[in-house]
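Since the structure comes first, as structure tokens, the remarks are kept for the end.
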Amino acid sequence: MSTHSSATPAQASPDNIEQLRILHGVRPLQPEEEGSATARLPAGVYGYSYAPGQPETPVFAKKDYHSFEVHKAADGTEYAIGFVTPEEASQLAAAKEGAAIQLFPDPWEGSRFLVSVRVSGIAATKRMPREAGNPFPFTIA
């Protein structure tokens, strides 16, 4: 069983996002940290990106339309935060290797379960489609 992915299924609400921030030990990104890739940020911060899990993607302090929240936890682990279907949440919780997941930055249609996904558990994707809801498709590594 793979231990590279983790998910925290929960009903979508700002309180639960705040709980994830507390769990990961993160603070908001400071203005002078904006535009840096997650790997270059200090541990214990969160911000927003249009392409989570992609190398060298800049992170910003302000959430824009369809941007994903990303965390660099206090222990340095990188997470993508988003919403998935109940079935996808189960696959993430079971770390089902090879499972296809569509992570949305906001609740979208059936994707209403808040999850936290370790970036190290995401198999590389070539590109992100820019379609309804701005999903981030990936497979569990």
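The values are calculated or read from the model by the stated rules, or taken from the named source; none is laboratory data. Quantities reported herein were computed from a predicted structural model and do not represent experimental measurements. Cβ placement follows ideal geometry from the backbone for every residue including glycine, while neighbour counts extend to all protein chains displayed.
Name every residue in the stretch 104-126 that is modelled with pLDDT of 90 or more, closer than 22 Å to L23 by Cα and not β-branched (V, I, T), in order of residue number.
Result: F104, P105, D106, P107, R112, F113, L114, S116, R118.
Every residue, every condition in (1) within 14 Å of the chain's Cα centre (by Cα); (2) under 29 Å from P42 (Cβ atoms), yes or no:
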| residue | (1), (2) |
| --- | --- |
| T57 | yes, yes |
| K62 | no, yes |
| Y65 | no, yes |
| A74 | no, yes |
| F83 | yes, yes |
| E87 | no, no |
| A94 | no, no |
| E97 | no, no |
| V119 | yes, yes |
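Pairs, please: C-beta under 6 Å, at least 6 apart or cross-chain, first residue more than 14 Å from D75 (Cβ to Cβ) and in the stretch 23-40, second part of a loop (DSSP other than H, G, I, E, B) and of a type in the set (D, E, K, R)?
A37/E56
Count, please, the residues in the stretch 94-117 that happen to be more than 19 Å from K63 (Cα to Cα) and charged (D, E, K, R).
Summing the residues that are more than 19 Å from K63 (Cα to Cα) and charged (D, E, K, R) in the stretch 94-117 gives 3.
Looking only at residues in the stretch 69-92 that are out of contact with any helix residue (DSSP H, G or I) (no Cβ under 9 Å at 6 or more places or on another chain) and loosely packed, with under 15 Cβ neighbours inside 10 Å, which one is nearest to G121 (Cα to Cα)?
G76
Just to verify a result, which residue in the stretch 1-53, among those that are polar (S, T, N, Q) and in a strand (DSSP E or B), is modelled with the lowest pLDDT?
Of everything passing the filter in the stretch 1-53, Q11 is modelled with the lowest pLDDT.
Which strands (runs of 3 or more DSSP E) sit wholly inside the stretch 54-127 and have at least 1 residues that are closer than 19 Å to G35 by Cβ and not aliphatic (A, V, I, L, M)?
Where strands (runs of 3 or more DSSP E) fall fully within the stretch 54-127 and carry at least 1 residues being closer than 19 Å to G35 by Cβ and not aliphatic (A, V, I, L, M), they are 68-72, 78-84.
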